[in-house]
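Note sheet for the following structure.
The values are calculated or read from the model by the stated rules, or taken from the named source; none is laboratory data. In this text, all values refer to a predicted model and were calculated from it rather than measured experimentally. Using ideal geometry, Cβ is built from the backbone for each residue, glycine included, and neighbour counts are taken over all protein chains shown. For the accessible areas, the whole protein counts, side chains as well, though only heavy atoms, and no ligand, DNA or RNA atoms are used. Shrake-Rupley method; radii C 1.70, N 1.55, O 1.52, S 1.80 Å.
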Amino acid sequence: MSYKILEKKQIAPQVHLMKVLAPDVAKAAKAGQFIILRIDETSERIPLTIADFDAGEGYVTIIFQEMGKTTKQLAKMTDEDVLQDFVGPLGKPADVRKLGTVILVGGGVGIAPVYPQVRAYREAGNKVISIIGARNKDLLILEDEMQDASDELYVATDDGSKGHHGFVTEVAKKILDSGETIARIVVIGPPILMKVAAGMTAPYGVETIVSLNPIMIDGTGMCGGCRVSVGGETKFACVDGPEFDAHKVDFNLLMSRLGLYRSEEAQCQENHNCTCKGGN
């Protein structure tokens with residue numbers, strides 16, 4: 001079975017949106033889950049978080065950034081192309097329920113997995129305050145969609161080209177300092193952002209949830225590459241998560257694990273570039 005690409009477009013520099021016809025996955029998907037895809041029978045398997053889904057139309061939306069060999073190959077695909085494998089939904093769904101006022105923070109491409117959670121939390125009857133950020137305004141994604149799905153939306157850019165000049169965590173801190181009662185904060189983005197957010201929210205005693213999808217490799221718990229220490233216990237991000245209590249995650253260990261395969265990834269990318277240029 002193959003999976004047809006219904007739509008493929010670039011939404012920011014080196015960031016692409018892809019809608020894939022996958023009725024069974026769309027029917028079962030919930031906010032917070034991910035899929036594993038393979039371009040063809042010789043390709044590697046990579047996990048990508050579900051950015052949107054429509055059970056009626058039977059499609060699943062993924063958003064990815066060109067980083068390594070496979071995502072660069074994906075970026076060159078077009079409408080009507082097909083994927084060999086598109087497996088899911090995997091991982092535990094987000095713990096979405098009525099809590100009160102919830103802040104959801106998305107940094108960079110992390111805005112993509114935050115979006116379905118924003119919709120889900122609001123549908124569950126919560127007041128949803130969303131904060132999205134990027135290095136500059138050109139790298140912001142899904143801004144209109146986030147605006148429509150949120151009760152309040154704040155934007156932050158590192159260079160001040162749009163919204164708050166600074167980091168998303170600074171915006172979140174201002175809201176916490178305002179005295180408004182916040183039941184939960186969900187943060188998804190680069191590991192350093194999630195680490196900083198965990199440290200920032202700790203003194204306030206607000207439940208803070210992070211999604212550790214950046215460290216997943218195999219996506220099924222078989223490889224052990226996504227081992228993470230949570231509250232002193234070893235967990236696997238792909239099967240026990242990807243969401244965990246931010247205040248219990250050992251971010252120093254997590255970030256050191258991210259560099260384990262850096263040399264192999266660089267070699268793979270170099271080999272791919274040589275092949276594309278006709279080299280040996």
Within the range 172-199, how many residues are more than 23 Å from Gly32 (Cα to Cα) and either hydrophobic (A, V, I, L, M, F, W, C) or crowded, with 23+ Cβ neighbours inside 10 Å (or both)?
-> 2
Could you say whether any residue in the range 137-146 is closer than 15 Å to Pro190 by Cα, assigned to a loop (DSSP other than H, G, I, E, B) and free of Cβ contacts under 8 Å to residues at least 60 places away in the same chain?
-> no
In the range 201-213, how many are open to solvent by less than 30 Å² (accessible area, probe 1.4 Å) and farther than 23 Å from Cys238 by Cβ?
-> 2
Say whether the condition of being open to solvent by less than 30 Å² (accessible area, probe 1.4 Å) and of a type in the set (A, V, I, L, M, F, W, C) is met by at least one residue in the range 2-9.
-> yes
Which residue, of Val155, Val118, Val102, is crowded, with 16+ Cβ neighbours inside 10 Å, within 23 Å of Ala55 (Cβ to Cβ), in contact with a helix residue (DSSP H, G or I) (Cβ under 8 Å, 6 or more places away or on another chain) and among the β-branched types (Val, Ile, Thr)?
-> Val118
A careful count of residues in the range 14-62 that are open to solvent by less than 30 Å² (accessible area, probe 1.4 Å), out of contact with any strand residue (DSSP E or B) (no Cβ under 7 Å at 6 or more places or on another chain) and under 15 Å from Gln84 (Cα atoms) gives 1
Inspect all residues belonging to the range 100-114 and state whether any of them is over 26 Å from Val230 (Cβ atoms) and over 20 Å from the mean Cα position of the chain (by Cα).
-> no
